[in-house]
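First comes the structure, then the notes that go with it.
The values are calculated or read from the model by the stated rules, or taken from the named source; none is laboratory data. It should be emphasised that the depicted structure is a prediction, and the values quoted were computed from it without experimental measurement. Every residue, glycine among them, receives a Cβ derived from its backbone with ideal geometry; neighbour counts consider all protein chains shown. Ligands, DNA and RNA are stripped out before the accessible areas are found, and what is left, the full protein with its side chains, is counted by its heavy atoms. Shrake-Rupley method; radii C 1.70, N 1.55, O 1.52, S 1.80 Å.
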Amino acid sequence: MHTGNSLKIGQALCTPGFYPAIVASRIPTVLWRGPDVKTGMPASLSPSQALPGWRLEHSYARLPELFHKPWKLAPVRAPRLVMLNRPLARTLGLDPDVLEREENAAVFAGNKLPDGATPLAQAYAGHQFGNFTGLGDGRALLLGEQITPEGARYDIQLKGSGRTPFSRGGDGRAALGPMLREWIISEAMHALEIPTTRSLAVAATGEWVERKERLPGAVLTRVAASHVRVGTFQWAAAHEAPDALQALADYTLRRHYPDLAEAGNPALALLDAVLERQAELVAHWLHVGFIHGVMNTDNMTLSGETIDYGPCAFLDHYDPATTFSSIDRGKRYAFANQPGIAQWNLARLAEALLPVLHPEQTRALDAANAAIHAFPDRFKRHWLAGFRAKLGLFTEEADDEKLSQTLLDWMEKTRADYTNTFLALSAESALETAHSADPAFGEWHAQWRARRSRQPQTGAEVVRLMRTRNPAVIPRNHKVEQALSAATDHDDLAPMERLLAVLAQPYAPGSVPPPEFLEPAPPSDTPYQTFCGT
Ligand code: AMP
Ligand code: MG
């Protein structure tokens, strides 16, 4: 067995200590219902007949026992639905009118199982800031996989649902603010067309959780293509369980890459496919200025979805060294490090897969090495394709990377706002006239103009392409904080509702959101900080 790791069950670096649950006296009382899109779904039946539409299956539970532990709900004092994602509910084949009824708050708070649910905690390991640790769902329960009317399969997971056998010192709980934060950022990512887990509901628990201060507790219902992570494979490898590893590889291939099931070397095809999706994903993050913040191997999915919205945040001014996470003092997960870290994480996946890549270890190693070493080129291809679109370039020229990098260097030097610089360039008036008086920018602008003159597309076409990749809005850190503080300190969800409405349309042509959502945070003496495991 070649993993280079020995399994160490210990305290995670990104985990709070033990916090007893305390009853909360004040929690928000408003239910946010989300934008409602009427579909052809039949009107709800009378309360006694109404069923939400759960169609839960349990393919993951059929994997070897190594990967999961059946577990139970840990009821909370006073469940109350705070957020319900009605459009997402409909996509899942669930009736939002029924879900919104009082009795379903108990489902979303983890007091009552939805029809057909068989809760389990998933086992996995992970490299956290480079250190290998045994982890597992310490505060989450997989209820099952919802089969949508289209036949797609999505994990339905409660996060913050209480202690499990993997909780170690933690209380198994989550606070309302961070769960609402996950909602805002994950829904913004979805609107930015970046693969992501999503948020179906947030329920308040009526209990306090103790962090640095006492905070109202909540449970988030997370929806994911699956929760199979690099760390799930590391768990199998560290246990030296080749049959379990093979079963997991087969399962992941069937669930996420069914077309590759017949490949000559399915495990290698899986590794290649994951490398491709992650290269594209991380390139997408860089295109919109997203910093994940905690790219531990347990937070990297095999499906290629962004997962784990703890300390993530978006750049304001362009600085490739930006980190927001309070614990990332070595800047391991800084903005520009993300492609390199993705490759590092995927090398851990390749190591875990070695026993199923080839029966001869040297052949397995050669295949893994070749796949991992090809990652930078894969990433560059996606990064450059996105940058060409960001700059309105339809054709490919050898110097396009240099043109992109020169602009980024100028932005770094002048601390230009990342989102607003690209947005300003995406106006027809900006194609001919430089919007900065800085001669260095003027020089770059002249090169950009010359480059565009060598392609046949009109200005209108260029702008249209640019607006598909240059969002008008991102979740600005100060706007997110304002919305969260209104929700958690003043029971007021209106600012969050306004923010979500604006974030839902980042690429809408011709629509200009109110300036308050476009402006970077006002200068402050204290740099913005984010936290994980909260
Ligand atoms: P994360 O930082 O969210 O990726 O979490 C890392 C690990 O810590 C995972 O195994 C989580 O399940 C666990 N964890 C995070 N918060 C808690 C908590 N409050 N109680 C128990 N386990 C937790
Ligand atoms: Mg995690």
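Some notes on this structure:
- Of all residues making up the stretch 340-363, the number that are without any contact (Cβ under 8 Å) to a residue 60 or more places away in the chain and either farther than 30 Å from Val288 by Cα or open to solvent by less than 40 Å² (accessible area, probe 1.4 Å) (or both): 6
- Residues that are more than 25 Å from His292 (Cβ to Cβ) and polar (S, T, N, Q) were ranked within the stretch 123-153; the one that is nearest to ligand 2 (Cβ to nearest atom) is Gln146.
- Each residue in the stretch 327-339 was checked for being open to solvent by less than 30 Å² (accessible area, probe 1.4 Å) and away from ligand 1 (no atom under 15 Å from the Cβ), and 4 of them qualify.
- Filter result for Glu412 (at pLDDT 95 or above and touching a Pro at 6+ places or on another chain (Cβ under 7 Å)): yes
- Cross-chain or 6+ apart pairs with Cβ under 7 Å, the stretch 462-484 first and in a helix (DSSP H, G or I), then hydroxyl-bearing (Ser, Thr, Tyr): Val463/Ser426; Met466/Ser426; Arg467/Ser426; Arg467/Tyr507; Asn477/Tyr528
- Candidate set from the stretch 287-321 (those that are over 18 Å from His190 (Cβ atoms) and not in a loop (DSSP other than H, G, I, E, B)); member that is nearest to ligand 2 (Cβ to nearest atom): Asp298
- If the condition is being in a helix (DSSP H, G or I) and within 16 Å of ligand 2 (Cβ to nearest atom), then the stretch 332-341 contributes only Ile341.
- Boolean, Phe67 is out of contact with any Lys or Arg (no Cβ under 9 Å at 6 or more places or on another chain) and aromatic (Phe, Trp, Tyr): yes
- Just one of the numbered conditions (1) in contact (Cβ under 8 Å) with a residue 12 or more places away in the chain; (2) touching a Ser or Thr at 6+ places or on another chain (Cβ under 9 Å); (3) more than 16 Å from ligand 2 (Cβ to nearest atom) is not true of Arg329: (1).
- Elements of type strands (runs of 3 or more DSSP E) in the stretch 102-179, at least 3 residues being more than 16 Å from ligand 1 (Cβ to nearest atom): 140-147, 153-159
Okay, residues lined up against (1) more than 30 Å from the chain's Cα centre (by Cα); (2) farther than 30 Å from Gly231 by Cα; (3) crowded, with 16+ Cβ neighbours inside 10 Å:
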{"residue": "Ala370", "(1), (2), (3)": "no, no, no"}
{"residue": "Arg381", "(1), (2), (3)": "no, no, no"}
{"residue": "Phe387", "(1), (2), (3)": "no, yes, yes"}
{"residue": "Thr419", "(1), (2), (3)": "no, yes, yes"}
{"residue": "Glu428", "(1), (2), (3)": "yes, yes, no"}
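- Matching residues, the stretch 103-128, being surrounded by fewer than 18 Cβ atoms within 10 Å (Cβ to Cβ) and in contact (Cβ under 8 Å) with a residue 12 or more places away in the chain: Lys112, Asp115, Gly116, Thr118
- Checklist (1) at pLDDT 95 or above; (2) open to solvent by less than 30 Å² (accessible area, probe 1.4 Å); (3) away from ligand 2 (no atom under 16 Å from the Cβ); (4) hydrophobic (A, V, I, L, M, F, W, C) applied to Phe324, failing item: (1)
- Look at the stretch 399-411: where a residue is open to solvent by 10 Å² or more (accessible area, probe 1.4 Å) and a partner is not in a helix (DSSP H, G or I), sitting 6+ places away or on another chain with Cβ atoms under 8 Å, you get Leu403/Leu391; Trp410/Ala416; Trp410/Asp438.
- Enumeration of residues in the stretch 509-523 that are part of a loop (DSSP other than H, G, I, E, B) and open to solvent by less than 80 Å² (accessible area, probe 1.4 Å): Gly510, Ser511, Pro513, Pro514, Pro520, Ala521
- For the stretch 305-319, the set of residues classified as touching a strand residue (DSSP E or B) at 6+ places or on another chain (Cβ under 8 Å) and away from ligand 1 (no atom under 16 Å from the Cβ) consists of Phe314, Leu315, Asp316, His317, Tyr318, listed by residue number.
- Criterion: out of contact with any strand residue (DSSP E or B) (no Cβ under 8 Å at 6 or more places or on another chain) and crowded, with 24+ Cβ neighbours inside 10 Å - qualifying residue of Leu143, Leu248: Leu248
- Scoring Gly170 on the criteria (1) under 22 Å from the mean Cα position of the chain (by Cα); (2) within 16 Å of ligand 2 (Cβ to nearest atom); (3) over 17 Å from Ala203 (Cα atoms); (4) small (Gly, Ala, Ser) leaves a single failure, condition (1).
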